[in-house]
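What follows is one structure encoded as structure tokens, with my remarks underneath.
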Amino acid sequence: MAQRPDLPVGYLGAQPKFSDLGMSCLSQIEPEIRTNDNQLEIKLKINKPLKVTHQLINTRDNSDHSQFVFTQTYHGTITFIINLPESGYFKFQIFALPADDDCTSLPNVYNYLINCVRALHPVFPFPKQYAQWKDGCYLHEPLVLHKEAPLKNVFWKVIISGAKAVAVVADGEWFHLEKKGNHFEGNTNLDPFKNKDAKITVNANLGGDESKYATMLEYKL
């Protein structure tokens, strides 16, 4: 059984900037979490646009596992989807500033300590999230892509605020998604790109020049 790490006084929970930024906890109200599952969500409420980053640190060796956290920001709620790669203790650190603040160094606003009792599910890295993704976007599926997964008929469903068009680009080949209400969806056959170290991106046209697309998410097969 993993030993609980020694933490500095005042490390856990809200830091001074948390309430100043209008943030509050929607789920996981207590900063110390014990879980029998290695998949969990943490939700925060915000009342103004914020830029947010995170770190997921394994306390056993201080290794960074932030690629196993996916951030969704939609309708005033930030959701962190966390997949823990092994059992043991992890520090989950959240950093934030107002979206219009030019400072590149974000202060630490909240810290969790997660005790994962059992890691029953295999985990895979989430897609890389570009800066514009964190501005009112929501990915229903696929949350992960990997070469062991079924790739012949991958279904996409994504909300990208302000997007005029959305496309999945697989190793230079474009697949345009269809607008349905407030989201874009469609199917892609990614099987030809398996075992080719292919890069799969989600790209959005946000208005203006119809030929210009911004990269929102990036997967590696």
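Taking the residues in segment 71-108 that are outside any strand (DSSP E or B) and among the polar types (S, T, N, Q) as candidates, determine which candidate is farthest from ILE33 (Cα to Cα).
THR104
When ASN38 is evaluated against the numbered criteria (1) closer than 17 Å to ARG118 by Cα; (2) crowded, with 18+ Cβ neighbours inside 10 Å; (3) under 15 Å from the mean Cα position of the chain (by Cα); (4) not aromatic (Phe, Trp, Tyr), which criterion, by number, is the only one it fails?
(3)
For segment 144-153, does any single residue satisfy the condition of being crowded, with 18+ Cβ neighbours inside 10 Å, within 24 Å of PRO49 (Cβ to Cβ) and under 21 Å from the mean Cα position of the chain (by Cα)?
There is no residue in segment 144-153 that is crowded, with 18+ Cβ neighbours inside 10 Å, within 24 Å of PRO49 (Cβ to Cβ) and under 21 Å from the mean Cα position of the chain (by Cα).
In this structure, does ASP6 turn out to be outside the structural domain of ASP102 (by TED's automatic domain parsing) and farther than 18 Å from ALA119 by Cα? Show your work before the answer.
Values: outside the structural domain of ASP102 (by TED's automatic domain parsing): yes; farther than 18 Å from ALA119 by Cα: yes.
Answer is yes for this residue.
Based on this model, can you work out whether ALA214 counts as surrounded by 12 or more Cβ atoms within 10 Å (Cβ to Cβ), in contact with a helix residue (DSSP H, G or I) (Cβ under 6 Å, 6 or more places away or on another chain), over 24 Å from PHE124 (Cβ atoms) and among the hydrophobic types (A, V, I, L, M, F, W, C)?
Here the answer is yes, as ALA214 does meet what is asked.
Answer yes or no as to whether PHE95 is aromatic (Phe, Trp, Tyr), under 21 Å from PHE124 (Cα atoms) and in contact with a Ser or Thr (Cβ under 9 Å, 6 or more places away or on another chain). Walk me through how you get there before you give the answer.
Working: aromatic (Phe, Trp, Tyr): yes; under 21 Å from PHE124 (Cα atoms): no; in contact with a Ser or Thr (Cβ under 9 Å, 6 or more places away or on another chain): yes.
Considered against the rule, which asks whether it is aromatic (Phe, Trp, Tyr), under 21 Å from PHE124 (Cα atoms) and in contact with a Ser or Thr (Cβ under 9 Å, 6 or more places away or on another chain), PHE95 comes out as no.
Scan segment 172-198 residue by residue and report those that are under 18 Å from PRO125 (Cβ atoms) and either surrounded by fewer than 16 Cβ atoms within 10 Å (Cβ to Cβ) or outside the structural domain of HIS146 (by TED's automatic domain parsing) (or both). Write out each step before concluding.
Narrowing segment 172-198 to residues under 18 Å from PRO125 (Cβ atoms): 190, 193-198.
If the condition is that a residue be under 18 Å from PRO125 (Cβ atoms) and either surrounded by fewer than 16 Cβ atoms within 10 Å (Cβ to Cβ) or outside the structural domain of HIS146 (by TED's automatic domain parsing) (or both), then LYS194, ASN195, LYS196, ASP197 are the ones that fit.
Looking for whichever is modelled with pLDDT under 95 and closer than 26 Å to TYR138 by Cβ here; the options are LEU50, LEU44, LEU21. Which one fits?
LEU50
A quick yes/no check of all residues on (1) within 24 Å of MET216 (Cα to Cα); (2) without any contact (Cβ under 8 Å) to a residue 60 or more places away in the chain; (3) in contact with a strand residue (DSSP E or B) (Cβ under 7 Å, 6 or more places away or on another chain):
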site	(1), (2), (3)
LYS17	no, no, yes
MET23	no, no, yes
ASN36	no, no, no
THR53	yes, yes, yes
THR59	no, yes, yes
ASN62	no, yes, no
HIS65	yes, yes, yes
TYR74	yes, no, yes
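The values are calculated or read from the model by the stated rules, or taken from the named source; none is laboratory data. Keep in mind the model is a prediction, meaning the values are calculated, not measured. We place every Cβ from the backbone using ideal geometry, glycine too, and count neighbours over all the protein chains shown.
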